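Just so it is clear, none of the values below were taken in a lab; they were calculated from the coordinates. Keep in mind the model is a prediction, meaning the values are calculated, not measured. Don't worry about glycine lacking a Cβ; one is built from the backbone with ideal geometry, like all the others, and counts go over all protein chains shown.
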Amino acid sequence: MSTRRAGLLLHPTSLPGPYGIGDVGPAARELLAWMDAAELRIWQVLPLTPVDTFGSPYASDSTLAMEPLLLSIDDLVEDGWLLAREKPFFTGRGTRVDWPAVTQAKAKALGLAAERAVAAGAVQLEPPLEDYALFRALTREQGAPWHQWPEPLRRRDPAALAAARDRLAASVARQRALQWLIGEQWARLRRESTRLGVDVWGDVPFFVGLDSCDVWCRPDLWRLDDDGLPEAVSGVPPDAFSAEGQLWGHPLFREGAHADEGFAWWIARFERALQTVDCVRIDHFRGVCAVWENAADATTAMDGTWVPGPGRPLLAALRERFEDMPFLAEDLGIVTEDVTALRQEFALPGMTILQFAFDGGADHAYLPHNHQRDRVCYTGTHDNDTTVGWVHGLDETRRDRMRRYLATSDRDAPYALMRAAWRSVCDTTILPLQDILGLGADARMNVPGTSTSNWSWRAGVGAFSLSLASRVADEVRISGRHQG
């Protein structure tokens, strides 16, 4: 069997369906069947963890929980947790996720399903998710970040936590049930992906948000002051995405504390991720070597400085636990020689982005003639414009370089870039669905450094046609990525 494979980048929220947001139900199973017909053997998703108020899965309140809005209403009915008449009615536009409206529309139905799961005695959770259920219930009660809660709750006084569990028993039970239900539905989808021979790749963000269950449970693992606030915050220096850099604002790790306990928190995090997917993309892999530290009160990331990350000891601990190292390194941005050396030492595939390939001369590493097998080739990621949008936005210098290299016209350039990705010597090629569908900039998933109008794109009904699957399968076979 060929080691060459092709895949698709698409988050479940972007699937079509009648409830305002994609989910892990019938449309996800339809996607898997379509991928099988298209000879695509990898489905890459974004983090499946709970989203923030903007819909971002990269600013979650838990590294272990899953987003309940991914629950399929239709499957809840099929499984007897909902009555057909209790389905929510959603009138929002089908091609965008309106996060506040979707949350409101699905809340009652999900609540009913959770109550019935509790009443049936069906809910079983691992201890870390029990902590999250309490955290969510307390967050709703207190209406504030955990570091603003009353001192006994903030410090996790056992008596205060026990009293909270009693006081908020119904709310805690609802959160427990939602996590159990989404876990059950996702497991069903994974069984289908396994049956069809489609691997699912996930994503683990490097940093963790301050107002998260993780930091509340283990504040000693982060650089916090006595009030529970960050001593310094994360970001990246000025780059192609932002002239002022990106000030992300996550608290930084207390690296010595993690090392002292053998990186147990990191290992548990990846264990959980690999319970849900086959392979994990380590987001911001550059941070393993060094992170961009900014003052806690900084307004831009321009004046930060590089400080050491967890480094080789973290990857050594992960290799001891996961011998086959089922990870992909997101080694984009400012990548120094030590980052590349660390990735190669642990045999982690890196990433190659074709949209960046025309920013320099013939020696640019992302140009196809410079590709290497141990990298995954993309036209773009969720942080890039669609390829159609990218072509339209090129300056004349890069546009001319792209046209001459690909021997293409502007009109045909998006497909030419996809073909270059499929033909690449990289063992794996993964394309965003937006590119396969030939969609423009309005289908972009995220613009780094901005907080609004992101994470909301959805595919239209009928996107997964058999004729499109046939065309993609033909490219996969011609490129030697067929797995039959």
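Some notes on this structure:
- Size descriptor for the range 17-70, Kirkwood hydrodynamic radius: 12.6 Å (Cα pairs only, one decimal).
- The range 225-277 and the range 140-214: distance between their alpha carbon centers, rounded to Å: 19
- Calculated [222 nm] ellipticity per residue, helices only, for the chain: -11500 deg cm²/dmol; basis is -39500 (n - 2.57) per DSSP H run with n ≥ 4, divided by all residues, nearest 500.
- Shown for the chain: cysteine residues without a partner Cβ closer than 4.7 Å, namely CYS213, CYS217, CYS279, CYS289.
- The range 319-381: C-alpha pair distances exceeding 17 Å, %: 43
- For the chain, the residue among LEU64, ALA105, LEU252 whose Cα projects farthest onto the positive side of the dipole built from Cβ charges is ALA105.
- Relative packing of 246-253, 104-111, which averages over residues the other C-beta atoms within 10 Å, highest first: 246-253, 104-111
- A Cα-only calculation for the range 429-484 places Rg and Dmax at 14.4, 43 Å.
- Computed over the range 246-334, the P(r) curve from all C-alpha pair distances, binned at 10 Å from the origin, holds 15, 44, 31, 9, 0 percent per bin.
- Charges were assigned to the Cβ only: +1 to each Lys and Arg, -1 to each Asp and Glu. The resulting dipole of the range 359-437 about its Cα centre is roughly 300 debye.
- Two-decimal log10 I(q)/I(0) for the range 308-348, as the Debye equation yields it once each C-alpha is a single scatterer, q = 0.16, 0.33 Å⁻¹: -0.39, -1.33
- For the chain, the longest site-free run once GluC sites (Glu not before Pro) in DSSP loop states with at most 15 other Cβ atoms within 10 Å are removed: 1-230
- Hydrophobic long helices, here whole DSSP H runs in the chain with Kyte-Doolittle means of at least -0.5 and Cα atoms spread over 20 Å or more along the helix axis, are found at 99-119.
- Across all directions, the shadow cast by the convex hull of the chain built on its C-alpha atoms averages 22.6 square nanometres.
- The alpha carbons of the range 64-208 occupy a box of 49, 36, 34 Å along the principal axes, longest dimension given first.
- Between the range 406-484 and the range 1-68, the alpha-carbon centres lie 15 Å apart.
- The range 138-232 - convex hull of alpha carbons, volume per residue in Å³: 122
- Cα lying deepest toward the dipole's positive end in the chain, options PRO88, THR452, PHE207, charges on Cβ: PRO88
- Scattering profile of the range 362-450 at q = 0.25 Å⁻¹ [log10 I(q)/I(0), Debye over alpha-carbon scatterers]: -1.39
- Translational diffusion of the range 14-139 was estimated from the Stokes-Einstein equation, with Rh taken as the Kirkwood radius over Cα pairs; at 10 °C and 1.306 mPa s the coefficient is 99 µm²/s.
- Within-15-Å neighbourhood charge of PRO128 [Cβ basis; K, R +1; D, E -1]: 0
- Under the convention that each Lys and Arg Cβ holds +1 and each Asp and Glu Cβ holds -1, the size of the dipole of the range 95-253 around its Cα centre is about 940 debye.
- Anisotropy class of the range 186-253 from Cα gyration tensor, a/c 1.5 cut: oblate
- Charge dipole magnitude, Cβ of K and R +1, D and E -1 - the range 193-288, Cα centre, debye nearest 20: 420
- Beyond 21 Å, the tail of the calculated P(r) for the range 39-104 holds 41 percent of the Cα pairs.
- Peptides 411-424, 54-67, ordered by how many other C-beta atoms sit within 10 Å of their residues on average, highest first, read 54-67, 411-424.
- Working ranking of peptides 12-18, 285-291, 237-243 by packing, defined as the average number of other Cβ atoms within 10 Å per residue, highest first, is 285-291, 12-18, 237-243.
- Percent of beta bridges antiparallel (DSSP, the chain, rounded to nearest 5): 35
- Scanning residues 5 or more positions from ARG5 or on other chains, those with amide H under 5 Å from its amide H are THR428, THR429, with H placed 1.01 Å from N in the peptide plane.
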